[in-house]
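Worksheet: the structure to be examined is printed underneath.
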Amino acid sequence: ATSFLFTEYQYVGVFMIAFAILIFVFLGSVEGFSTKGQACTYDQQKMCKPALATAAFSTVSFLLGAITSVLSGFLGMKIATYANARTTLEARKSVGKAFIVAFRSGAVMGFLLAANGLLVLFIAINLFKLYYGDDWEGLFEAITGYGLGGSSMALFGRVGGGIYTKAADVGADLVGKVERNIPEDDPRNPAVIADNVGDNVGDIAGMGSDLFGSYAESSCAALVVASISSFGINHEFTSMLYPLLISSIGILVCLITTLFATDIFEVKAVKEIEPSLKKQLIISTVLMTVGIAIVSWIGLPSSFTIYNFGAQKVVKNWQLFLCVAVGLWAGLIIGFVTEYYTSNAYSPVQDVADSCRTGAATNVIFGLALGYKSVIIPIFAIAVSIFVSFSFAAMYGIAVAALGMLSTIATGLAIDAYGPISDNAGGIAEMAGMSHRIRERTDALDAAGNTTAAIGKGFAIGSAALVSLALFGAFVSRAGITTVDVLTPKVFIGLIVGAMLPYWFSAMTMKSVGSAALKMVEEVRRQFNTIPGLMEGTTKPDYATCVKISTDASIKEMIPPGALVMLTPLIVGIFFGVETLSGVLAGSLVSGVQIAISASNTGGAWDNAKKYIEAGASEHARTLGPKGSEPHKAAVIGDTIGDPLKDTSGPSLNILIKLMAVESLVFAPFFATHGGLLFKIF
């Protein structure tokens, strides 16, 4: 896992430096690289620091964000690779002990990430303040680079990791389980090591960077809007840092919450695992509501004004508290809806499992329908929170609602990283030839982990929708557009093209997984056919070749989707100008959220339908067969189709939405002065 990440980071490092230079050149050219101060954008009477300074500091914060993002992914993966074997060993004692190890190591990663993000951002703000002094508008504009850095690394981590893990997973499943009838994670399967490494690289390092990106961006969006509101104009530092205060209370709340799972209600039996993880979400949300109330009461003046597209809007502190709370509770609702649609304890997944009786085709139809249906309630939850928070506090309200959803990020990541850790623990138990009983325990942990991973993805997607809307608002304010009118052709062409981008992006990532899996299947078949004694278990397979196939495929294939996301805002902004770009952002947001939710829930449901048939825990599940029956084979095919949906294209889409918005915000000064070349010619 380490060697893959280092290879990936070498490529990403080159990109990072190139993009940093691009930011500096583009933003510096706004005022023709002059070092003289300029009039402020929003208050023409005051003098602000030159555009060159903003360019330099944006570049620095971009690099800071990128490094923090890479670091949080890498450390998360290190923790997970230490924890998975320990979980297997603890499973010899009891399921409760194994659960605690897996959960705690997830929690370590969650806290590390939340704390890192907060610390680096706080230090950066204070250091930049030494230069900017009273020019807060310029200061917080430069800080937006932090979010851009965080998310651009997350994109490559998510796409690269997703392709890696799924090429191996699909390859291992198709040959091992369907053709050769050997169990999952069997050491005779040449792709098994690549598959287990992939879980760490994609689900842990990718997820870590992804949520860090959301977190950095929503903080940046809130800070940019606040810097041109009364907080920034009157230089009230405490209330200015309200977004950071929410996150820091979140860390304290999550610390208390984790104790409930490990010490207060200790898990003893298999059936307590899922309820315990669900309690985590509820407890953290309830405690966080109290925490936000305290912070809003102490940290904010009783009345203040928020910038709202050219006017200042008067807001009370209780209204801002409601904005954060509505985001927080919307997150909980999205989490529970996701759980209902992807857990095999409820009817949707059981119906999908039941449809396997008549083969793989009906399974696929039912699964797709389930995914589309699971979009409905989350979208209403997002819509309500957007309406409430915008009515109360304009774009700032939406930014803090996103922060509310992400405030319990440490708990969210703990239950999310728990999934891949227990998945790996099962793999290790199988490869080490441990007893059947231990494998059953790790499977129970893993089935709960599938659901919690889906919940984590739900959170990531929901927050991405709010974050990108907030960034969109900040971009529109910064680029000096008062209204975005859908009826002007400039904007409408942007909308329709923007709505197409998530499909283009998904097509790229899905095809990458498909072609890499094809190579993997051929290699695994070749080994089974040519290495004597492999099926009998007397000789070892050549694991390294499979790892190499995955590594090469993911490094090569992560570049085109990444380029699509990174270049679109630049090309649109330079050639078509800010109005068209605002259309593109709105379009990609609206269509991306739908595809992302449906893809990750479809995949999660297929995976758990297969687990439901394998576990045979109920009368209904036993009629569908033991492993190797026809319905089970149909379920495996569904699961294999769902893999790239739930682990590659679904989760990467939320980064597409956010990244385009934050990139547009960072380059907004440049687009506003030099953009729209094509329309200027005519």
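The values are calculated or read from the model by the stated rules, or taken from the named source; none is laboratory data. All values derive from a computational prediction rather than experimental measurement. No Cβ is skipped: glycine too gets one built from the backbone with ideal geometry, and neighbour counts run over all protein chains shown. For accessibility, only protein heavy atoms count, side chains too; no ligands or nucleic acids. Shrake-Rupley method; radii C 1.70, N 1.55, O 1.52, S 1.80 Å.
Please work out which residue is surrounded by the most Cβ atoms within 10 Å (Cβ to Cβ), limiting yourself to segment 459-482 and to residues that are part of a helix (DSSP H, G or I) and of a type in the set (V, I, T). Before you say what the answer is, go through the steps one by one.
From segment 459-482, those part of a helix (DSSP H, G or I) are 459-478; that's our starting set.
When the remaining residues are screened for being of a type in the set (V, I, T), the result is 461, 467, 476.
Working: I461: 28, V467: 35, V476: 24.
Among those residues, the one meeting the criterion is V467.
How many residues, within segment 401-439, are among the charged types (D, E, K, R) and either within 23 Å of D210 (Cβ to Cβ) or modelled with pLDDT under 85 (or both)?
2
Take I655 and decide whether it is open to solvent by less than 10 Å² (accessible area, probe 1.4 Å) and either of a type in the set (G, A, S) or assigned to a helix (DSSP H, G or I) (or both). Quick ask: steps written out before the conclusion?
Working: open to solvent by less than 10 Å² (accessible area, probe 1.4 Å): yes; either of a type in the set (G, A, S) or assigned to a helix (DSSP H, G or I) (or both): yes.
Taking the combined requirement at face value, the residue satisfies it.
What are the residues in segment 84-97 that are under 21 Å from A410 (Cβ atoms) and either modelled with pLDDT of 90 or more or open to solvent by 70 Å² or more (accessible area, probe 1.4 Å) (or both), if any? Before the answer, list the steps.
Of segment 84-97, the ones under 21 Å from A410 (Cβ atoms) are 84, 86-87.
Passing the criteria: R86, T87.
Kindly provide the set of residues from segment 254-287 that are among the aliphatic types (A, V, I, L, M) and either within 21 Å of I306 (Cα to Cα) or open to solvent by 10 Å² or more (accessible area, probe 1.4 Å) (or both), ordered by number. I'd like the intermediate steps shown before the answer.
Going residue by residue through segment 254-287, those that are among the aliphatic types (A, V, I, L, M) are 255-256, 259, 261, 264, 267, 269-270, 273, 277, 281-283, 286-287.
Answer for segment 254-287, where residues must be among the aliphatic types (A, V, I, L, M) and either within 21 Å of I306 (Cα to Cα) or open to solvent by 10 Å² or more (accessible area, probe 1.4 Å) (or both): L255, I256, L259, I264, A269, V270, I282, I283, V286, L287.
I need every pair where a residue in segment 372-394 that is closer than 30 Å to S302 by Cβ has its Cβ under 7 Å from the Cβ of a residue that is open to solvent by 50 Å² or more (accessible area, probe 1.4 Å), sequence separation at least 6 or different chains.
Note: pairs meeting the criteria are A381/I333; V388/L322; F392/L322; A394/K313.
Counting only residues that are assigned to a helix (DSSP H, G or I) and open to solvent by less than 10 Å² (accessible area, probe 1.4 Å), which one in segment 228-243 is farthest from I298 (Cα to Cα)? Quick ask: steps written out before the conclusion?
Here is the first cut: in segment 228-243, the residues assigned to a helix (DSSP H, G or I) are 230-233, 237-240, 242-243.
Right, trim to open to solvent by less than 10 Å² (accessible area, probe 1.4 Å) and you get 231-232, 239-240, 242-243.
On the way: F231: 15, G232: 18, S239: 9, M240: 13, Y242: 10, P243: 14 Å.
Residue satisfying both the conditions and the ranking: G232.
Please work out which residue is modelled with the lowest pLDDT, limiting yourself to segment 483-499 and to residues that are loosely packed, with under 14 Cβ neighbours inside 10 Å and in a helix (DSSP H, G or I).
P489
Could you check A115 against (1) closer than 26 Å to I233 by Cα; (2) surrounded by fewer than 19 Cβ atoms within 10 Å (Cβ to Cβ); (3) aliphatic (A, V, I, L, M) and say which number it fails?
Exception for A115: condition (1).
Report the residue count in segment 335-349 for those that are crowded, with 20+ Cβ neighbours inside 10 Å and part of a helix (DSSP H, G or I).
Step one: of segment 335-349, the residues crowded, with 20+ Cβ neighbours inside 10 Å are 335, 337-339, 341-344, 348-349.
After this cut, where a residue has to be part of a helix (DSSP H, G or I) as well, the list is 335, 337-339, 341-342, 348-349.
Adding up the residues that qualify gives 8.
So D423 clears everything in (1) under 22 Å from A172 (Cβ atoms); (2) charged (D, E, K, R); (3) surrounded by fewer than 24 Cβ atoms within 10 Å (Cβ to Cβ) except one condition, right? Which one?
Single failed check for D423: (3).
Looking at T257, is it more than 30 Å from V666 (Cα to Cα), among the β-branched types (V, I, T) and assigned to a helix (DSSP H, G or I)? Walk me through how you get there before you give the answer.
Values: more than 30 Å from V666 (Cα to Cα): yes; among the β-branched types (V, I, T): yes; assigned to a helix (DSSP H, G or I): yes.
Yes: the conditions hold for T257.
Hey, L322 hits all of (1) surrounded by fewer than 18 Cβ atoms within 10 Å (Cβ to Cβ); (2) farther than 27 Å from R441 by Cα but one; which does it fall short on?
Every listed condition holds for L322 apart from (1).
In this structure, is V290 over 26 Å from the mean Cα position of the chain (by Cα), over 24 Å from G106 (Cα atoms) and either at pLDDT 90 or above or open to solvent by less than 30 Å² (accessible area, probe 1.4 Å) (or both)? Give the steps one after another, and end with the answer.
Values: over 26 Å from the mean Cα position of the chain (by Cα): yes; over 24 Å from G106 (Cα atoms): yes; either at pLDDT 90 or above or open to solvent by less than 30 Å² (accessible area, probe 1.4 Å) (or both): yes.
For V290, the condition - over 26 Å from the mean Cα position of the chain (by Cα), over 24 Å from G106 (Cα atoms) and either at pLDDT 90 or above or open to solvent by less than 30 Å² (accessible area, probe 1.4 Å) (or both) - is met.
Applying the selection to segment 550-585, what residues are under 23 Å from the mean Cα position of the chain (by Cα) and open to solvent by 30 Å² or more (accessible area, probe 1.4 Å)?
Once the filter is applied, which keeps residues that are under 23 Å from the mean Cα position of the chain (by Cα) and open to solvent by 30 Å² or more (accessible area, probe 1.4 Å), segment 550-585 yields K556, E557, I559, P560, A563, L567.
Between a first residue in segment 429-455 that is under 19 Å from I334 (Cβ atoms) and open to solvent by less than 50 Å² (accessible area, probe 1.4 Å) and a second residue that is outside any helix (DSSP H, G or I) and hydroxyl-bearing (S, T, Y), which pairs have beta carbons less than 9 Å apart while being 6 or more apart in sequence or on different chains?
A448/S343; N450/S343; T451/S343; A454/S343
Using beta carbons and a limit of 7 Å, which pairs, at least six apart or on different chains, have the first residue in segment 608-632 and within 15 Å of Y346 (Cβ to Cβ) and crowded, with 20+ Cβ neighbours inside 10 Å and the second one of a type in the set (V, I, T) and modelled with pLDDT under 85?
N608/T451
Is it true that some residue in segment 183-190 is open to solvent by 10 Å² or more (accessible area, probe 1.4 Å) and in contact with a strand residue (DSSP E or B) (Cβ under 9 Å, 6 or more places away or on another chain)?
no
Determine if segment 503-520 includes at least one residue that is touching a Cys at 6+ places or on another chain (Cβ under 7 Å) and either open to solvent by 60 Å² or more (accessible area, probe 1.4 Å) or within 11 Å of A167 (Cβ to Cβ) (or both).
First, the residues of segment 503-520 that are touching a Cys at 6+ places or on another chain (Cβ under 7 Å): 520.
With either open to solvent by 60 Å² or more (accessible area, probe 1.4 Å) or within 11 Å of A167 (Cβ to Cβ) (or both) added as a condition, the list becomes 520.
The answer is yes, given that some residue of segment 503-520 is touching a Cys at 6+ places or on another chain (Cβ under 7 Å) and either open to solvent by 60 Å² or more (accessible area, probe 1.4 Å) or within 11 Å of A167 (Cβ to Cβ) (or both).
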